[in-house]
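Trainee: First, the structure itself, so that you have it in front of you.
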Amino acid sequence: MAVQLAKTMGAQVFAIASGKDGVELLKSLGCKAVINGKEDDIFTLAMEFSPSGFDAAIITAGGEAANTAVNCLRKGGRIVYPYGIYPELNIPEEVEATGYHGEPDPEIITRLHRHIILNNITVHISGIFALKDAYKAHEALQKHYLGKLCIEVNSYHRLD
């Protein structure tokens, strides 16, 4: 969904996927460039895409690939990331970084909803688990998956 939102706002999206299936999914969402973070040279390909560095980035995972991506931002560039990324990011002083908890804000949710409706944005769901099987969702987090894992609280509200 972040890719689709960024595109509706006019961004040229460079994405780092995990695996070939992730690359294909992100390409299908219309990313300008997609690379496989497990196999490709992130820094070289990012600099080919944006020689002066990225203006902004959304970082959703930690580790070597994430820190390489952070170092692809231009001086004065901005990143956002959820608190709790492990290992923690190494953020250069010349990059503006904002962490967030993901707490709902009614005004932000309203704007997001408007973008979703106006731009027909969808979320790729990898799996849906009944609440009684929440442990299976946690097990799935340790494996390779694409998109989101969901826990269904009330089966009678199912949207499909």
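Trainee: Any idea which of (1) closer than 20 Å to Lys148 by Cα; (2) over 13 Å from the mean Cα position of the chain (by Cα) is the one Cys72 doesn't satisfy?
Mentor: (1)
Trainee: Somewhere in the stretch 127-145, is a residue hydrophobic (A, V, I, L, M, F, W, C), in a strand (DSSP E or B) and under 30 Å from Phe54 (Cβ atoms)? First the steps, then the outcome.
Mentor: The initial filter retains those residues of the stretch 127-145 that are hydrophobic (A, V, I, L, M, F, W, C), namely 128-131, 134, 137, 140-141.
Right, trim to in a strand (DSSP E or B) and you get 128-130.
Now narrow it down to the ones that are under 30 Å from Phe54 (Cβ atoms): none.
Within the stretch 127-145, not a single residue is hydrophobic (A, V, I, L, M, F, W, C), in a strand (DSSP E or B) and under 30 Å from Phe54 (Cβ atoms).
Trainee: Check Arg111, Arg78 and return the single one that is more than 18 Å from the chain's Cα centre (by Cα) and either in contact (Cβ under 8 Å) with a residue 24 or more places away in the chain or outside any loop (DSSP other than H, G, I, E, B) (or both). Let's see the steps before the verdict.
Mentor: Working: Arg78 fails: more than 18 Å from the chain's Cα centre (by Cα).
Unique residue meeting the criteria: Arg111.
Trainee: Among what's in the stretch 1-43 and is among the polar types (S, T, N, Q) and farther than 18 Å from Gly77 by Cβ, pick the residue that is surrounded by the fewest Cβ atoms within 10 Å (Cβ to Cβ). Working first, answer last.
Mentor: Filtering the stretch 1-43 down to residues among the polar types (S, T, N, Q) leaves 4, 8, 12, 18, 28, 36.
Now drop any that are not farther than 18 Å from Gly77 by Cβ, which leaves 4, 8, 18, 28, 36.
Numbers: Gln4: 19, Thr8: 14, Ser18: 15, Ser28: 11, Asn36: 16.
Per the criteria, the residue is Ser28.
Trainee: Just checking, does the stretch 94-102 include any residue being in contact (Cβ under 8 Å) with a residue 40 or more places away in the chain and not basic (Lys, Arg)? Please lay out each step first, then the result.
Mentor: From the stretch 94-102, those in contact (Cβ under 8 Å) with a residue 40 or more places away in the chain are none; that's our starting set.
No, there is no match, as no residue in the stretch 94-102 is in contact (Cβ under 8 Å) with a residue 40 or more places away in the chain and not basic (Lys, Arg).
Trainee: Looking at Tyr135, Tyr86, Tyr156, Tyr100, which one is at pLDDT 95 or above and surrounded by fewer than 10 Cβ atoms within 10 Å (Cβ to Cβ)? Before you say what the answer is, go through the steps one by one.
Mentor: Details: Tyr86 fails: at pLDDT 95 or above; Tyr156 fails: at pLDDT 95 or above; Tyr100 fails: at pLDDT 95 or above.
One residue alone meets the criteria, Tyr135.
Trainee: Still on this model: (1) part of a loop (DSSP other than H, G, I, E, B); (2) more than 23 Å from Gly19 (Cα to Cα): which one isn't true of Ile85, the others all being true?
Mentor: Exception for Ile85: condition (2).
Trainee: Another question about this same structure. Out of Ala137, Ala130, I need the residue that is small (Gly, Ala, Ser) and in contact with an Asp or Glu (Cβ under 6 Å, 6 or more places away or on another chain). Which one?
Mentor: Ala130
Trainee: Go over the candidates Gly53, Gly127, Gly62 one by one and state the one that is within 21 Å of Val13 (Cα to Cα), touching a strand residue (DSSP E or B) at 6+ places or on another chain (Cβ under 6 Å) and surrounded by 14 or more Cβ atoms within 10 Å (Cβ to Cβ). Before you say what the answer is, go through the steps one by one.
Mentor: Working: Gly127 fails: within 21 Å of Val13 (Cα to Cα); Gly62 fails: touching a strand residue (DSSP E or B) at 6+ places or on another chain (Cβ under 6 Å).
Result of the check over Gly53, Gly127, Gly62: Gly53.
The values are calculated or read from the model by the stated rules, or taken from the named source; none is laboratory data. Only a predicted model underlies this, so the values are computations on that prediction, with no experimental measurement involved. In this analysis, Cβ positions are derived from the backbone assuming ideal geometry, glycine residues included, and neighbour counts consider all displayed protein chains.
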